[in-house]
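Asks: Attaching a single structure in structure tokens format; questions to follow.
Any read-out appearing in this document is the output of simple, stated calculations on the displayed coordinates, not a laboratory observation. Quantities reported herein were computed from a predicted structural model and do not represent experimental measurements. Here the Cβ positions follow ideal geometry from the backbone for every residue, glycine too, while neighbour counts run over all protein chains shown.
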Amino acid sequence: MKLPSSIRNWISITGAVLAVFNLATILSLVILNMFFGFGGSYIGLFIYIVLPGFMITGLILIPIGMRINRKRARKAAAAGEQLNWPVIDFNNIAVRNAGMIFIVGTVFLLIISSIGSYEAFHYTESVEFCGKLCHKVMEPEYTTYHGSPHERVACVECHVGAGASWYVKSKLSGLYQVYSVLANKYPRPIPTPIANLRPARETCEECHWPEKFYDRKMRVEHSFLADDQNTEEVIHLQIKTSSQMTSHGLERGIHQHISPNVKIEYKSSEDRQTIPWVKYTNTKTGEVQVFTDSMNEMSQQQLDSLETRVMDCIDCHNRPSHDYGVPQNFIDKSMYEGRISKTLPSIKLVAMMALNQDYPTKDSAFIAIKSQVMDYYQSADPEVLTNRKADVEQAIAEMQKDYGNNIFPEMNASWKHYPNNIGHMESDGCFRCHNDRHKSKSGKVISKDCNLCHNILAEGTPGNMQYADSTQLLAFKHPVDIGGEWKTSNCSECHSALY
């Protein structure tokens, strides 16, 4: 087959070899991945992004080389003559062959590149791409995501959402993130993207919307005290997620905060953990109430400098897919579910001593956890190691697993840096506003009353439970006698384990 003489140059030949080689590599990898599962997590990056880039570079080199070679040939043949536009003459067999090859090859490569672009788009939108490409950086988010209720919801469904504009924004943001990783300039921990997250009404409410909230929920909590017997405490809470008609009239639920009939605005610190100003508007009656925090007073000028935000789902559900568990909570769960034997003497105390420490790496944490548990029983109760060594080793393994799923020292990622605003135990959460300090000019207060959000239907130890009846709900009893301190102090002052 006769081809133009201008293709006889090293630039065009190199480009052709590069394009053909990468095309063959792409097709081979696609077949190997499709039928044999070859390549693991990163194969898509090469198939749809890296190799097509090299193939396109090779294709570009072919005409560049031909153009350069043609100019050289003309200069050599007719020095000083004016060059004319090239003549495409399909009567010339060489031009005809080159044209056919170019047309067929272009159509074929356009089809291949279209499929590749489509697959590249989906690959960059996949959970695997978001979580595994930069494994060290994204390990905390990827790990906690797989233990969340949204494990089957792709990252982009919340972080990007539908529409081309937000897709473009996310990719432009991603370019800087790639640079940060390559240059090792990323912060540790990665800041929560509060400022640039898409509004929850455009993401969360695609599945959850105010008119369709479910009825009140029953929540049963099992916790264990850090004493010799690991005393188990149980509490049954009815969570008032929705409003309900009672004998006293309409009792509003938690989701009233984002009811279509209510608009709540607030001003806060940058991390939204300190809220000095709240505005309540009833959109049906026009009633307006402004509340300010008497313990965090600001001048009007200071308040004007803060952004006014309309409350939505994320203000409470700020960790719907990346919840970093607190040691006392994930150990309580492991004990209740039997993965750590609750009959091991003082196992809750030992776990808290080992887990509420800072370690430089995950490996050093695992070593320290094992060492501290073994040393404790060796010195305090050696019979446990003699008679129940298997239970102790299982407990150690579970502590290490729980630590690895919730605490990431290399990235400084844990509950300490990522507070959860649902509830009020380990962070202020609800008490950011519901603290008896936010008052309006008329004297109305945003109440701290426990029964606003939940009713206690039962509490006590498994063998000594107290139950509410139809006329009288139970008052909270702190498992450890601290007097009335729990009524005046926020739970997080003790339970955050930050001090």
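Asks: Take the Cα atoms of the range 237-380, build their convex hull, and give its volume per residue in Å³.
Replies: Each residue corresponds to 225 Å³ of Cα convex hull volume.
Asks: A follow-up question, please. By how many degrees, between 0 and 90 and to the nearest 10, does the Cα long axis of helix 51-77 differ from the longest principal axis of the chain?
Replies: So the inclination is approximately 30 degrees.
Asks: If I take the Cα coordinates of the range 327-411 and project them onto the principal axes, what are the three extents in Å, biggest first?
Replies: 39, 26, 18
Asks: From the convex hull of the Cα coordinates of the range 306-452, what is the mean projected area in square nanometres?
Replies: Over every viewing direction, the Cα hull of the range 306-452 projects on average to 12.2 nm².
Asks: Tell me the volume per residue, in Å³, of the convex hull enclosing the alpha carbons of the range 128-197.
Replies: 97
Asks: On alpha carbon coordinates alone, what is the Rg over Rh value for the range 164-243, Rh being the Kirkwood radius?
Replies: Using only Cα positions, Rg/Rh for the range 164-243 is 1.21.
Asks: Next question. Which angle between 0 and 90 degrees, to the nearest 10, do you get for helix 327-336 versus the longest principal axis of the chain when only C-alpha atoms count?
Replies: 80
Asks: Under a Cβ-Cβ cut-off of 12 Å, what is the net charge of the residues other than Ser364 that fall near it, where Lys and Arg count +1 and Asp and Glu count -1?
Replies: Net charge around Ser364: -1.
Asks: Then there is this: Expressed as a rounded percentage, what relative contact order does the chain have, with Cα pairs under 8 Å and six or more residues apart?
Replies: 14
Asks: Please grab the % of Cα pairs in the chain that end up more than 34 Å from each other.
Replies: 56
Asks: OK, next. Quick check on packing: order 301-310, 232-241 by the mean number of other C-beta atoms within 10 Å, highest mean leading.
Replies: Descending packing order for the listed peptides: 232-241, 301-310.
Asks: Tell me, what ³J(HN,Hα) does each residue in the range 231-240 have, in order and in whole Hz, if you take phi through Karplus 6.51 cos²θ - 1.76 cosθ + 1.60 with θ = phi - 60° and put x for Gly and Pro?
Replies: 3, 8, 10, 10, 9, 9, 10, 9, 7, 7
Asks: Continuing with the same structure: Need the C-alpha centroid separation for the range 288-352 versus the range 398-441, integer Å.
Replies: Comparing the Cα centres of the range 288-352 and the range 398-441, I get a distance of 3 Å.
Asks: Starting from the coordinates of the alpha-carbon atoms of the range 372-494, obtain the Kirkwood hydrodynamic radius over all distinct pairs and give the value in Å to one decimal.
Replies: Over the range 372-494, the inverse of the mean reciprocal pair distance is 18.9 Å.
Asks: Further question: Rounding to the nearest 20 debye, state how big the charge dipole of the chain is about its Cα centre with +1 on each Lys and Arg Cβ and -1 on each Asp and Glu Cβ.
Replies: Rounded to the nearest 20 debye, it is 2940 debye.
Asks: Per the Cauchy relation, a quarter of the hull surface: what is the mean projected area of the convex hull of the alpha carbons in the range 296-376, in nm²?
Replies: 9.6
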